[in-house]
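For reference, the structure is listed below as structure tokens.
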Amino acid sequence: MGNRILIVDDQKGVRRLLEELFKRESWEVFVAGDGLEAITEVERINPDIVLMDMKMPNMNGLEASEQILSRFPDTFIIMMTAYGEMDVVKLALETGVKRCITKPFDIMVLRDLVNELRMERI
Ligand SMILES: [Mg+2]
């Protein structure tokens, strides 16, 4: 597995926090601010893992994940959902999203989840 990770979130603070975390973990980090941008970035950089926020303007995380997985089925996507969005979690997993994590989360838990997926993929 390569070491490219794409962080997709409409909140700049979240993008910055996760960018710093995964740079420290030796990932090559890319960011996008909504679902449309995420698709453009996936086409451009072909990331190994995508951290995808659910609620975003222009195109939400579920729709973006569907489009990405239909064209790049090997992409590992982790969806970040809000508390109580069990219907969204179910749909996301049916679409082929690998894992879901509820916001707010402990960033160390997210780090471990990403490392776990990385091992699964090797
Ligand atoms: Mg959001």
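FYI, it's all coordinate maths here, none of it is from the lab. What you see is a predicted model, and the numbers here were worked out from it, not measured in a lab. Heads up, the Cβs are rebuilt from the backbone with ideal geometry, glycines too, and the neighbour counts pull from every protein chain shown.
For n ≥ 4 DSSP H runs only, could you compute -39500 (n - 2.57) per run for the chain, divide by its residues and tell me the 222 nm figure to the nearest 500? Write down the numbers at each step before the final one.
Details: 5 runs with 60 residues, N = 122.
Here the helix-only value at 222 nm equals -15500 deg cm²/dmol.
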Most exposed first, judged by fewest Cβ atoms within 10 angstrom, F72, F30, F22, F105 run F105, F72, F30, F22
Comparing V97, V42, V109 in a Gaussian network model of the chain (Cα, 10 Å), the one with the largest mean-square fluctuation is V109
Expected sort for M59, M79 with the fewest Cβ neighbours (10 Å cutoff) up front is M59, M79
Taking 0.36 nm per residue of separation between N115 and E28 and subtracting their Cα-Cα distance, the length gained on full extension comes to 29.9 nm
The farthest towards the positive end of the charge dipole of segment 1-96, of the residues S65, N3, A32, given +1 on Cβ of Lys and Arg and -1 on Cβ of Asp and Glu, is N3
For segment 4-121, averaging the sequence separation of alpha carbon pairs under 8 Å that lie six or more residues apart and dividing by its residue count, the contact order in percent is 22
The rounded separation in angstrom of the Cα centers of segment 31-77 and segment 90-111 is 14
Everything considered on the Cα gyration tensor (a ≥ b ≥ c; rounded for a/c under 1.5, else prolate if a/b is larger than b/c, else oblate), segment 4-121 must be described as rounded
Put in order of increasing Cβ neighbours within 10 Å, starting from the fewest, S65, S70 give S70, S65
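How big is the dipole moment of the chain about its Cα centre under a simple scheme where the beta carbon of each Lys and Arg is +1, that of each Asp and Glu is -1, and everything else is neutral? Debye, nearest 20, please.
It comes to approximately 240 debye.
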Cross-link reach from K90 to aspartates and glutamates, straight Cα distance under 18 Å and at least 8 residues apart if same chain, gives D53, E63, E66
